[in-house]
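Working notes, structure below.
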Amino acid sequence: MNKKPRSLTRIIIPVVLTLVTIALIVWPMLAGGQYVVLDPKGPIGASQRDLIVISTILCAVIIVPVLILSAVIVWRYRDKPDNKAAYEPNWSHSTKAEAIWWTVPIIIIGILAIVTIRYTYDLEPSKPLAHEKAPITIQVSSLDWKWLFMYPEQGIATVNTLNIPADRPVKFELTADSPMNSFWIPQLGGQIYTMSGMAMTLYLQADHEGKYWGSGANFTGEHFGEMRFDVNATSDEDFDKWVAEVKQSSQELTTEGYKALAEPGTSNVAYYSAFPEGLFQNIVTKYVVDGQSAHSKHGTSSEASGAIQNAIDTSNKDEDKSAN
């Protein structure tokens, strides 16, 4: 009488776990969702997708047979009165088995190491993308709890929305005027941290026109979930028209306006026809302690490092003049 409920439980639990796992995998597709990381729209995202797929397949070569054999062994040699499976408790060594379970993993780990090293080098965030078009530079600052995007070449800025030209590399220079965050556009590439006192560089590219989503991928407090933004990839002509519209129809972001924007709180999408010169460098050096330099070597281009150092030198000179 006591064995029947126990056996039923043993059957129900794995069945339920299996169904839940399948549901979690299939539900996003049936609900209209997307596995955006596996649907890249740019060269960086495509390379990262390829690395994920290759690594998963190589790991599956070991994991899948082990899981299948584990289930088979448990089922075949389970405690059952009429079980006729051969029982050989004195088995101790098999040269063939030893050769298989040592050689196969070593070969797979070797292949995985070579593939990972190659992709890691190719996906270095500050490595410029090879393209016939010159990259556009966009400076990014994470705030509490919003994203500020500055276009130094166009002289405009936006909050919580990002427009980029498609089929053209984008050079992101990133920092933070708030707790550390993580800048992430899944379909274009992996995340990179934004940190105060540091300037990071990330190259991405959208191969196709379209609307993608980006977000902060690092928990930063109460309104962390609202740090999302749309990424609109358009043709060069439409991008130029958008820049002209922003210049004509938006207000300027002043120094006082930026201080108010940097206060903790959420924000709607906003556009600015101009922003204070050197604002990005000022944000990077905002928390620099006297006698120390900003951290600008982590994925930062030489141009950004030079600009940051110039900002520090200018700030020090201004302080010296004030002291005199």
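The values are calculated or read from the model by the stated rules, or taken from the named source; none is laboratory data. These figures come from a predicted structure and were not determined experimentally. Don't worry about glycine lacking a Cβ; one is built from the backbone with ideal geometry, like all the others, and counts go over all protein chains shown. The accessibility values were calculated without ligands, DNA or RNA, using every heavy atom of the protein model including side chains. Shrake-Rupley method; radii C 1.70, N 1.55, O 1.52, S 1.80 Å.
Holding the Cα-Cα limit at 27 Å, pick out from 146/171; 241/286; 146/211; 211/259; 127/247 the pairs that are longer than that.
Working: 146/171 20 Å; 241/286 34 Å; 146/211 19 Å; 211/259 30 Å; 127/247 31 Å.
Beyond 27 Å: 241/286; 211/259; 127/247.
Over the alpha-carbon set of segment 37-169, work out the extent along each principal axis and list the three values in angstrom, largest first.
80, 32, 23
Based on Cα positions only, what radius of gyration and what Dmax would you give for segment 80-127, in angstroms?
When restricted to the Cα atoms of segment 80-127, Rg and Dmax are 21.2, 65 Å.
What whole-number distance in Å separates the alpha-carbon centres of segment 37-81 and segment 195-268?
Going from one Cα centre to the other spans 38 Å.
Just to be sure I understand the model, the point goes 7 Å from the Cα along the line to the Cβ. What's the resulting residue 248 to residue 50 distance in nm?
Computed distance between label sites residue 248 and residue 50 equals 4.3 nm.
Can you compute the radius of gyration and Dmax for segment 171-248, using only the Cα atoms, both in Å?
Here Rg and the maximum Cα pair distance are 14.1, 39 Å.
What do you get when you divide the Cα radius of gyration of segment 140-292 by 2.2 N^0.38 Å, with N the number of residues? Before the final figure, lay out the partial values.
Details: Rg = 14.8 Å, N = 153, 2.2 N^0.38 = 14.9 Å.
Ratio of Cα Rg to 2.2 N^0.38 Å: 0.99.
Rolling a 1.4 angstrom probe over the protein heavy atoms, how many square angstrom per residue are accessible across segment 127-172? Please list the in-between numbers first.
Numbers: 1220 Å² over 46 residues.
With all protein chains present, segment 127-172 gives 27 Å² per residue.
How much solvent-accessible surface does residue 256 expose, in Å² to the nearest 10, with a 1.4 Å probe and all protein chains in place?
130 Å²
Between residue 213 and residue 73, what is the spin-label point distance in nm, taking each point 7 Å from the Cα along the Cα→C-beta axis?
4.4 nm
Ignoring solvent entirely, what values of log10 I(q)/I(0) come out of the Debye formula for segment 38-116 at 0.15, 0.21 Å⁻¹ when each Cα is a single scatterer?
After summing over all Cα pairs, the log10 values are -0.75, -1.04.
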